1. Could you rank HIS62, HIS54 by how accessible they are, 1.4 Å probe, largest area first?
2. Near GLY47, within a Cβ-to-Cβ distance under 13 Å, what is the net charge of the other residues, with Lys and Arg +1 and Asp and Glu -1?
Amino acid sequence: MITVFFYVQFFRGELTMAKYNEKIFTKNEIDDILKSYQDGESSVKIGKRYGVDHKIILKQLHKNNVEINP
């Protein structure tokens, strides 16, 4: 069983609600993730760079309407 907790974080002047096990990326990190993926870097490699599972990276790509490579 997986228990998910929610918390509210004050982050750079904004209130953000996130799941306990979810990483919150900065705008610069998201921009880097998008650019790296579009330049051909794999979600696995990007995930390792940020210390998260590749599924978290794929979720960010999906949120930003980036087409996922097969």
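The values are calculated or read from the model by the stated rules, or taken from the named source; none is laboratory data. Fair warning: this is a prediction, and the values are worked out from it, not measured in the lab. Virtual Cβ from ideal backbone geometry, glycine too; neighbours counted across all protein chains shown. Accessible surface areas use protein heavy atoms only, side chains included; no ligands, DNA or RNA. Shrake-Rupley method; radii C 1.70, N 1.55, O 1.52, S 1.80 Å.
1. Sorted by accessible area, descending: HIS62, HIS54.
2. +2
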